[in-house]
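Worksheet: one structure, shown below.
The values are calculated or read from the model by the stated rules, or taken from the named source; none is laboratory data. Note that the structure is a prediction, hence the values are computed from the model and not measured. FYI the Cβ positions are ideal-geometry reconstructions off the backbone, even for glycines, and counts take in every protein chain you see.
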Amino acid sequence: MDNYQSQLWDASPQEALIIQSQLSSCVIQKDDFSVINTIAGVDVGFHPDQQNARAAIAMLSYPELQKINSSVSETRIKFPYIPGLLSFREVPSILSALEQFNVKLDLLLCDGHGYAHPRRFGLACHLGVLTGIPTIGVAKSLLIGTHKIPGKTKGDWQPLIDHDETIGAVLRTRTDVKPVYVSIGHRISLKTALEVVIRCSSQYRLPDPLHQAHMLASNR
């Protein structure tokens with residue numbers, strides 16, 4: 001796997017497109033786990049010079065959402081910023097941060113898209129397939145698809161549609177707050193992904209594990 005991952009991160013943008021298309025068939029779009037006791041938020045920040053990435057992981061108990069552990073890893077960026085190919089820029093640093101954990105992670109919430117992606121293989125899918133950990137993508141902005149505006153109450157949502165396929169959901173995590181874009185990453189259904197994100201959302205727009213990871217990635 002190490003050699004394979006090395007080949008992935010050394011890929012050119014053209015090769016990255018092919019890799020995404022090939023690996024997208026590995027995504028499991030149904031609940032494929034027993035119980036969730038731990039959940040982790042994953043976020044990546046960048047230094048002002050855009051040469052180094054800072055990946056942060058905040059691990060919480062579920063459903064209590066009590067902090068258990070965290071890790072941060074800084075790595076050199078090897079891949080350019082190209083929308084739709086962000087996993088090739090960010091996942092190497094995330095994998096480095098994951099290596100610091102010696103306990104089992106039951107679920108990952110990723111700051112980015114999963115199945116709601118032109119090739120149905122965004123960052124959350126990529127990370128899930130490589131690690132085997134169930135993953136959910138939670139993004140702050142739209143990448144692809146169309147949708148109706150969800151209601152204003154926490155928990156209201158509308159399907160995100162692309163070419164007549166439901167690829168995710170637009171979810172209100174707080175009443176009267178701008179919604180987020182939720183999609184599956186790997187080994188989870190959209191229905192369960194929405195339930196988890198809602199349950200993890202308290203006082204912030206982003207679910208608590210992602211908010212904590214964002215603070216760590218921003219070095220706050």
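Can you find a residue in region 201-214 that is hydrophobic (A, V, I, L, M, F, W, C), touching a residue at least 60 places away in the same chain (Cβ under 8 Å) and part of a strand (DSSP E or B)?
We begin by selecting, within region 201-214, every residue hydrophobic (A, V, I, L, M, F, W, C); these are 206, 210, 213.
After this cut, where a residue has to be touching a residue at least 60 places away in the same chain (Cβ under 8 Å) as well, the list is 206, 210, 213.
From what is left, the residues that are part of a strand (DSSP E or B) are none.
For region 201-214, residues hydrophobic (A, V, I, L, M, F, W, C), touching a residue at least 60 places away in the same chain (Cβ under 8 Å) and part of a strand (DSSP E or B): absent.
Name the one entry in 162, 156 that is modelled with pLDDT of 95 or more, acidic (Asp, Glu), more than 19 Å from residue 26 (Cα to Cα) and buried (at least 17 other Cβ atoms within 10 Å of the Cβ). Among 162, 156, only 162 is modelled with pLDDT of 95 or more, acidic (Asp, Glu), more than 19 Å from residue 26 (Cα to Cα) and buried (at least 17 other Cβ atoms within 10 Å of the Cβ). Here the condition is being exposed (fewer than 12 other Cβ atoms within 10 Å of the Cβ) and over 27 Å from residue 206 (Cβ atoms); of 12, 34, 21, it holds for 12 alone.
Within region 83-133, the only residue that satisfies the criterion of being part of a helix (DSSP H, G or I) and of a type in the set (Lys, Arg) is 89.
With respect to the conditions (1) under 22 Å from residue 206 (Cβ atoms); (2) of a type in the set (D, E, K, R); (3) surrounded by fewer than 21 Cβ atoms within 10 Å (Cβ to Cβ), residue 104 falls short on a single one, namely (1). What about residue 141, is it under 16 Å from the mean Cα position of the chain (by Cα), surrounded by fewer than 15 Cβ atoms within 10 Å (Cβ to Cβ) and in a loop (DSSP other than H, G, I, E, B)? Judged against the criteria, residue 141 is a match. Tallying residues that are assigned to a strand (DSSP E or B) and either in contact (Cβ under 8 Å) with a residue 12 or more places away in the chain or more than 21 Å from residue 26 (Cβ to Cβ) (or both) within region 165-186 yields 13.
Close Cβ contacts (under 6 Å, 6 or more residues apart or on different chains) running from residues in region 137-154 that are over 16 Å from residue 118 (Cα atoms) to residues that are basic (Lys, Arg) and modelled with pLDDT of 95 or more comprise 150/172; 154/172; 154/174. The set of residues from region 48-64 being surrounded by fewer than 14 Cβ atoms within 10 Å (Cβ to Cβ) and in a strand (DSSP E or B) comprises just one member, 61. Out of 90, 99, one residue alone is of a type outside the set (Phe, Trp, Tyr) and under 12 Å from residue 42 (Cα atoms). It is 90. The set of residues in region 167-220 being buried (at least 23 other Cβ atoms within 10 Å of the Cβ) and among the basic types (Lys, Arg) consists of 172 alone.
Among the candidates 55, 40, 11, the residue that is farther than 21 Å from residue 193 by Cα and modelled with pLDDT of 95 or more is uniquely 55.
Here 116, 40 are screened, and the one residue that is buried (at least 24 other Cβ atoms within 10 Å of the Cβ) and either over 20 Å from residue 142 (Cα atoms) or without any contact (Cβ under 8 Å) to a residue 24 or more places away in the chain (or both) is 40.
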